[in-house]
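Trainee: Before I ask anything, here is the structure I am working with.
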Amino acid sequence: MPLQSDTVYGTGSGRDLRLDLFLPDPQKSLRTAVLQFHGGGWRMGNRQMMYIHAEKLSSLGFTCCAVEYRLVQEAPWPAPLHDVKAAIRWTRAHAEELGIDAHRIVLQGYSAGAHLALIAAGTPNWREFEGEESSPSLSTQVAAVMAVYPPTAFFFDPQEAVFGNQYPPEDKDEWDRHKHSQEGFPSWVLLGPNASPEDIRQASPFTYISPTFPPTLLLHGTADVHVPHPPTVRFHQRLVALGVKSDLHLYSGQSHGFDLLDGFQQVIQEEAALFFRRMASLPEGVENI
């Protein structure tokens, strides 16, 4: 269980937004904060889903924050991303009392939370994504990001048009190829039925890949039918082509949520700990922010 619960890190939609803190043994602390974001298709889930991950990582020396973000029924995109950014700023502002180095803030997300973590990692201090509570004095740059079975590519499903009383884009054959390739995720889940191609582009983590993208760890099962893994492979390849430090771990025959299976939980967090130590916690892995 968290050592500090219901900590308010910001506000949104007229209410407080909260996170739960899991603090390491001070003698083992790596002075690194891991902000953790749950899955659930941006429409369900809660921060308590991160407890099992936070407990393990905190035992390995990390300060873990299981973060709430608003679901799209309450506040449409990009509000959930605004919340991620607010949590980064809060953590940086409270670095001293948390016992962390303000340069050692990393993100860990699962499914929908992984999508948010990747976009946040690729858009540090982008005004349009910072939200109303943004402060120019607090950077939203992070030292590294870990994304577990992330939706990185979206497609427009022609069936969505029924709900939006609209028709698919002019090149329907192209959209059908995306749909049947099983290499993307239906855009309506995040964006609703009336999303434009530009809306879809803006919501894609691919849009924000650049040579300055932070070190990235990607994990995916090859039998994932909810979020197919090929876009994750391409995301890694694109990062590597630009010189970004990126690790990709594929788990043969595993589906969505495999990290919760017996035998995987501990291994996944030990992978996370190794990656975050390499990229953020060790002095040679920390870059100025």
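The values are calculated or read from the model by the stated rules, or taken from the named source; none is laboratory data. Keep in mind that this is a model prediction, so the values were computed, not measured. Cβ: placed from backbone, ideal geometry, glycine included. Neighbour counts: every protein chain shown. Each accessible area value is taken on the protein alone, full model and side chains, heavy atoms only, with ligands, DNA and RNA left out. Shrake-Rupley method; radii C 1.70, N 1.55, O 1.52, S 1.80 Å.
Trainee: With a 1.4 Å probe and all protein chains kept in place, how much accessible area does residue 200 have, in Å² rounded to the nearest 10?
Mentor: Rounded to the nearest 10, the figure is 10 Å².
Trainee: Within 10 Å, count the other beta carbons around each residue, average over each peptide in 26-36, 4-14, and list them highest first.
Mentor: 26-36, 4-14
Trainee: Determine one quarter of the surface area of the Cα convex hull of the range 185-289, which equals its mean projected area, and express it in nm² to one decimal.
Mentor: Average projection, Cα convex hull of the range 185-289: 8.2 nm².
Trainee: Further question on the same structure: Convex hull over the Cα atoms of the chain, averaged projected area in nm²? Please report the intermediate quantities before stating the final value.
Mentor: Details: hull surface 59.0 nm².
Convex hull of Cα atoms, orientation-averaged projection: 14.7 nm².
Trainee: For the range 215-289, what does the relative contact order come out to in percent, with C-alpha contacts under 8 Å and a separation of six or more?
Mentor: Relative contact order here is 33 percent.
Trainee: Let me ask you something else. Share of the chain's accessible area from carbon and sulfur, percent, 1.4 Å?
Mentor: With neighbouring chains kept in place, the figure for the chain is 52 percent.
Trainee: Follow-up question, since we're still on this one. With every protein chain left in place and a probe of 1.4 Å, what is the accessible surface of residue 49, to the nearest 10 Å²?
Mentor: Roughly 90 Å² of residue 49 is accessible to a 1.4 Å probe.
Trainee: For the chain, what does the accessible surface come to per residue with a 1.4 Å probe? Please give it in Å².
Mentor: Counting only protein heavy atoms, the per-residue value for the chain is 44 Å².
Trainee: Something else: Treating only the Cβ atoms of Lys and Arg (+1) and Asp and Glu (-1) as charged, compute the dipole magnitude of the chain about its Cα centre; round to the nearest 20 debye.
Mentor: The dipole magnitude comes to about 460 debye.
Trainee: Further question: Once the whole set of protein chains is in place, how much accessible area is left on residue 126, using a 1.4 Å probe, in Å² to the nearest 10?
Mentor: Solvent-accessible area, nearest 10 Å²: 90 Å².
Trainee: For a test of understanding, tell me how many lysine pairs in the chain have Cα atoms under 26 Å apart, given they are 8 or more places apart or on different chains. Could you put the intermediate results ahead of the total?
Mentor: Details: 28/56; 56/85; 56/245; 85/245.
Close lysine pairs found across the chain: 4.
Trainee: Next question, about the same structure. Counting only DSSP beta bridges with both residues in the range 1-103, what percent are antiparallel, rounded to the nearest 5?
Mentor: The antiparallel proportion sits near 65 percent.
Trainee: Can you list which of the GluC sites (Glu not before Pro) found in the range 42-110 are DSSP loop residues with at most 14 other C-beta atoms within 10 Å? Intermediate values should be presented prior to the final figure.
Mentor: On the way: sites: 55, 68, 74, 96, 97; in loops: 68, 74.
When the GluC sites (Glu not before Pro) of the range 42-110 are filtered for loop state and at most 14 Cβ neighbours within 10 Å, 74 remain.
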